[in-house]
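Accompanying notes for the structure given below.
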Amino acid sequence: MTMEQRTLDQNEYVQRTLKNKQEFSLKKFFLQWEWLLILVFLLVIVINTSLSPYFLNAAGLRDATMVFLDKGFIVFPMVMIMILRDIDISVGSTVALSSVIMATLYNTLNVPMGAALVICLLVGALCGLINGLLIVKFKELSAVIVTLATMILYRGIAYVILEDQASGNFPEWFSFFGWGSVAGIPFILIAFTILAIVFTLLLHKTTFGRQVYAMGNNDTASRFSGVRVDRIKVIVFTLAGLMAAITAIFLASRMGSTRPNVAMMYELDVIAMVALGGISTAGGKGRMIGAIIAVFIIGYLQYGLGLINIPSQTMLIIIGLLLLVSVAVPKMKVNWKFKKSGSKRKLE
Amino acid sequence: MSDYVLELKGITKEFPGVRALDNVDFKLKPGQIHALMGENGAGKSTFIKVITGVHAPNEGEMFLNGERVEFSNPNDAQEKGIAAIYQHVTSYPDLSVTENIFMGHERIQKFTGRILWKEMHDEAKKILRSLGSSIDPKSEMGALSVAQQQIVEIAKAISTKAKIIIMDEPTAALTSRESEELYKITENLRDQGASIIFISHRFEDMYRLASQVTVLRDSKYIGSWGIEEISNEDLIIAMVGREINQVFPERKGEIGEKLLEVEGLGKAGYFADVSFTLHKGEILGLTGLVGAGRTEVCQSLFGIMPYDKGSIVLNGEKVKIQSPKEAIRLGIGYLPEDRQKQGLVLQWSIGRNISLSALSAIGNKGWLRDKKEFAIAKELAEKVHVKANSIFDLVSSLSGGNQQKVAVAKLLTAELDIIILDEPTKGVDVGAKSAIYEIINELASQGYGIIMISSEMPEVIGMSDRIAVMRAGRIVKILNRAIATQEAILEASMTDSTEKNAG
């Protein structure tokens with residue numbers, strides 16, 4: 001062994017202490033995606049206010065919030081699904097199927113509304129459970145194909161049950177979900193806030209959430225580390241189904257009825273919100289709070305554009321562009337850093 | 001005109017931090033079958049990749065029929081008539097045999113660009129017949145046996161009019177009868193004027209075919225001999241004969257009671273009839289050639305690849321291990337060979353990596369406890385001497401050796417009895433290697449039973465109390481440290497002994 005090697009070895013054995021307090025970096029703190037989102041959110045408010053005098057109207061904003069928040073419930077589990085590098089495009093169909101079953105149980109089979117609600121939640125969770133089981137059992141099938149199939153399937157079943165009919169006549173109290181308020185605050189906003197806190201804690205403060213991130217970054221290493229990868233995936237997809245059923249309840253309550261073609265394209269709005277929220281489709285990155293801000297950005301953007309009579313087709317263009325920019329900007333940021341530092345490390 | 005179809009002089013190839021080839025010479029005569037031999041990691045594969053234009057050498061010259069050539073990519077080499085058939089067939093399993101043979105040089109009608117299927121099928125059939133094979137060119141590649149796929153690869157080499165054909169361990173996955181057919185085909189090719197470089201770990205291949213043998217060791221050229229000039233023993237010495245240049249740390253502690261008893265473990269297609277015992281404080285080396293089934297046996301013990309035969313007795317109790325989670329609960333930890341893909345989450349900090357397999361212990365009813373997590377991570381990272389500033393440094397920023405230490409620290413979070421280390425010093429520099437050996441010995445003296453898979457002979461001999469040698473999915477020999485020599489291990493792992501039809 002040469003001298004050089006020996007010194008090297010000795011260095012290896014020198015007891016070093018590692019810090020276990022993270023240094024706070026102001027620059028890092030402000031370089032977070034969420035700040036940009038808050039900026040975009042404020043921009044949306046400012047532009048909307050300057051374009052329409054009706055925008056900053058308490059009652060108007062309140063009603064608008066009640067309209068777009070229903071799909072926001074699905075955003076929570078979708079964040080986890082996309083961190084897992086998967087996707088679920090069947091959630092809109094799950095909303096339709098669970099609400100149609102709920103309405104049919106109450107109207108045709110005379111099941112009490114309370115029981116119908118519970119069954120609605122169970123149906124949604126079952127839809128998600130089926131997705132999850134299929135995805136972990138048939139590893140060669142990607143989540144997009146599995147949920148494409150069940151998207152068609154669940155919607156199809158909803159049509160078979162109700163044909164092209166609407167089903168309403170819910171009891172009086174049921175309208176509370178969609179229209180009720182507590183102390184002037186819409187009930188849906190309260191529910192959304194509570195669930196937002198629950199899901200934020202679940203993702204960021206529990207061992208479950210940590211394992212979700214681990215799987216999104218490296219599925220194989222997670223398995224080798226004893227993470228029960230299949231189980232976690234099934235739970236996350238089941239949560240997506242359950243949240244879709246909650247959306248179904250709020251939607252049916254607000255509309256006063258349901259039909260098999262409700263919640264069309266909800267999955268796309270939800271995925272757009274999650275992507276804008278900074279959850280990378282490459283998996284493993286992003287935070288719940290970003291997606292929550294994105295729900296409000298897209299919601300108020302749509303409302304504002306509606307107020308100044310922009311046709312819904314044009315609205316699609318604007319939201320499409322916003323989404324493109326939002327997924328492209330982080331890449332540009334990384335590229336720029338890459339060039340500036342002259343680092344030879346390859347980008348993912 | 002030169003005496004050699006292919007001549008390489010002073011080839012050196014460096015990768016960041018590694019010298020994969022160091023001043024290697026090689027001479028290939030026309031119509032010769034030339035065996036290239038060496039241990040795992042001796043540099044054979046890199047050498048082949050230089051010849052086929054995959055890697056450009058940093059230094060050295062290459063001559064083709066006396067003419068100096070430089071390849072900047074594999075196409076250049078192919079145009080000059082060099083073809084390689086790799087160990088793991090790189091074919092298109094869903095395409096037909098014909099398409100595989102003509103991939104990249106399809107017969108196409110001029111102007112229209114139409115593919116001349118009939119012509120290609122006929123040509124493919126002709127080549128295959130000339131190889132004495134009756135494979136239907138229209139059949140699907142994936143439906144063929146490994147041996148047949150290899151013949152198709154050879155046909156592909158012929159169709160490109162290759163004059164120099166390189167075969168990288170073609171017999172590794174073949175039965176002895178299939179090997180015999182391959183020998184005949186290879187001899188046929190030679191008789192038709194092709195020159196062949198034949199890489200194999202099997203001595204029988206070499207004696208049956210080659211007229212010349214060149215040995216590489218530790219990235220260096222050792223020598224080249226006519227097949228009659230060198231004895232089996234001298235050849236083995238040429239392949240392994242380095243001095244043991246690593247100092248292995250002194251062992252403390254004693255070997256205790258029996259921890260693990262594996263009896264007749266088997267998994268169809270991977271390994272069979274594997275039996276061994278492991279004691280407290282013992283290091284059991286598990287060696288053999290790459291592909292002998294070492295990793296598969298250990299992954300079975302860890303529940304990644306559940307076994308379908310045999311029994312495992314752990315601390316006197318019969319257990320069935322079906323998942324890594326269960327294995328960890330029973331006290332078995334596994335350090336994977338590919339730490340970047342299987343061992344660590346590179347994008348994560350040291351601390352998060354260490355805590356990942358211990359989340360249930362760190363958590364309180366499912367809630368993360370930062371303080372506890374950081375304390376455990378810090379303690380273990382320091383225990384294995386990870387060099388970093390804080391436990392928040394990203395693992396991707398660490399050197400290979402330090403990454404490996406993080407992976408070891410991760411194992412120590414669980415209450416384990418048995419630690420399986422799969423090539424623990426692979427891709428780690430010399431200094432860090434000694435540090436890892438030190439850690440392994442320390443663990444053994446604390447009473448862990450350790451199974452260490454390694455392809456590096458000095459490491460296996462220097463570290464293990466007993467050495468189990470695997471070959472073709474079976475343990476062929478278990479040697480005590482006192483009597484283990486590199487020669488004995490290599491002989492056991494390479495020579496076809498009584499287990500002719502193993503696996």
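Here is how the numbers come out for the structure above:
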quantity	calculated
Tally, over region A:170-184, of residues that are open to solvent by 50 Å² or more (accessible area, probe 1.4 Å) and of a type in the set (A, V, I, L, M, F, W, C)	5
Filter pass, residue B:264 being farther than 30 Å from residue B:201 by Cα and not acidic (Asp, Glu)	no
Residue in region B:211-221 that is nearest to the chain's Cα centre (by Cα), counting only those that are open to solvent by 10 Å² or more (accessible area, probe 1.4 Å) and at pLDDT 90 or above	B:221
Of all residues making up region B:13-40, the number that are farther than 22 Å from residue B:226 by Cβ, outside any loop (DSSP other than H, G, I, E, B) and under 22 Å from the mean Cα position of the chain (by Cα)	8
Filter result for residue A:20 (open to solvent by less than 90 Å² (accessible area, probe 1.4 Å), at pLDDT below 75 and at negative phi)	yes
Some residue of region B:76-85 being assigned to a loop (DSSP other than H, G, I, E, B) and outside the structural domain of residue B:460 (by TED's automatic domain parsing)	yes
Condition met for residue A:322 (away from chain B (no Cβ under 14 Å), under 20 Å from the mean Cα position of the chain (by Cα) and open to solvent by 30 Å² or more (accessible area, probe 1.4 Å))	yes
Unique match (being away from every other protein chain (no Cβ under 14 Å) and touching a strand residue (DSSP E or B) at 6+ places or on another chain (Cβ under 9 Å)) among A:194, A:190	A:190
Filter result for the condition that a residue is under 21 Å from residue A:122 (Cβ atoms) and within 14 Å of chain B (Cβ to nearest Cβ), over A:231, A:210	A:231
Strands (runs of 3 or more DSSP E) fully within region B:249-355 counting 3 or more residues that are under 24 Å from residue B:433 (Cβ atoms)	B:283-288, B:332-335
Selection count where residues are surrounded by fewer than 21 Cβ atoms within 10 Å (Cβ to Cβ) and not aromatic (Phe, Trp, Tyr), scope region B:183-195	8
3 or more residues surrounded by 20 or more Cβ atoms within 10 Å (Cβ to Cβ) and touching a residue at least 24 places away in the same chain (Cβ under 8 Å): qualifying helices (runs of 4 or more DSSP H) within region A:185-301	A:187-205, A:207-217, A:229-255, A:266-276
Lone qualifier among B:366, B:333 - being at the interface with chain A (Cβ under 7 Å from one of its Cβ atoms) and open to solvent by less than 50 Å² (accessible area, probe 1.4 Å)	B:366
Residue B:163 being in the same structural domain as residue B:35 (by TED's automatic domain parsing), over 27 Å from residue B:43 (Cα atoms), open to solvent by 70 Å² or more (accessible area, probe 1.4 Å) and basic (Lys, Arg)	no
Residue check, residue A:79 at pLDDT 90 or above, assigned to a helix (DSSP H, G or I), away from chain B (no Cβ under 14 Å) and open to solvent by less than 10 Å² (accessible area, probe 1.4 Å)	yes
Checking residue B:424 against (1) assigned to a loop (DSSP other than H, G, I, E, B); (2) not assigned by TED's automatic domain parsing to the domain that holds residue B:299, the condition it does not meet	(2)
Among the residues listed as B:478, B:420, the single one being in contact with a helix residue (DSSP H, G or I) (Cβ under 9 Å, 6 or more places away or on another chain) and among the aliphatic types (A, V, I, L, M)	B:420
Hits in region A:90-122 - residues which are outside any helix (DSSP H, G or I) and crowded, with 22+ Cβ neighbours inside 10 Å	A:90
Tally of residues being within 21 Å of residue B:104 (Cβ to Cβ) and surrounded by fewer than 16 Cβ atoms within 10 Å (Cβ to Cβ) across region B:24-55	1
Residue check for residue A:6: outside any loop (DSSP other than H, G, I, E, B), modelled with pLDDT under 75 and within 14 Å of another protein chain (Cβ to nearest Cβ)	yes
Residue that is farthest from residue A:203 (Cα to Cα) [pool: residues in region B:378-395 that are assigned to a helix (DSSP H, G or I) and facing chain A (nearest Cβ under 7 Å)]	B:382
Test for residue B:91: is it assigned by TED's automatic domain parsing to the domain that holds residue B:209, without any contact (Cβ under 8 Å) to a residue 60 or more places away in the chain and more than 25 Å from residue B:204 (Cα to Cα)	no
Filter result for residue B:361 (free of Cβ contacts under 8 Å to residues at least 60 places away in the same chain and either more than 7 Å from chain A (Cβ to nearest Cβ) or farther than 29 Å from residue A:283 by Cβ (or both))	yes
Residue match in region B:41-49 (condition: at positive phi and either more than 29 Å from the chain's Cα centre (by Cα) or of a type outside the set (Gly, Ala, Ser) (or both))	no
Which listed residue is closer than 23 Å to residue B:186 by Cα and in the same structural domain as residue B:175 (by TED's automatic domain parsing), from B:145, B:96	B:145
Candidate set from region A:40-75 (those that are in a helix (DSSP H, G or I) and among the hydroxyl-bearing types (Ser, Thr, Tyr)); member that is most open to solvent (accessible area, probe 1.4 Å)	A:50
Among (1) in contact with a Lys or Arg (Cβ under 6 Å, 6 or more places away or on another chain); (2) closer than 27 Å to residue B:292 by Cα; (3) of a type outside the set (Gly, Ala, Ser) - the single one residue B:137 does not satisfy	(2)
Residue B:243, sole failed condition from (1) surrounded by fewer than 16 Cβ atoms within 10 Å (Cβ to Cβ); (2) modelled with pLDDT of 85 or more	(2)
Helices (runs of 4 or more DSSP H) enclosed by region B:113-208 - at least 1 residues per element that are aromatic (Phe, Trp, Tyr)	B:117-130, B:176-191
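The values are calculated or read from the model by the stated rules, or taken from the named source; none is laboratory data. Quick caveat, the model's predicted, so the values are computed rather than measured. Here the Cβ is made from the backbone with ideal geometry for all residues, glycine too, and neighbour counts use every protein chain on show. Note: areas computed on protein heavy atoms with side chains; ligands, DNA, RNA excluded. Shrake-Rupley method; radii C 1.70, N 1.55, O 1.52, S 1.80 Å.
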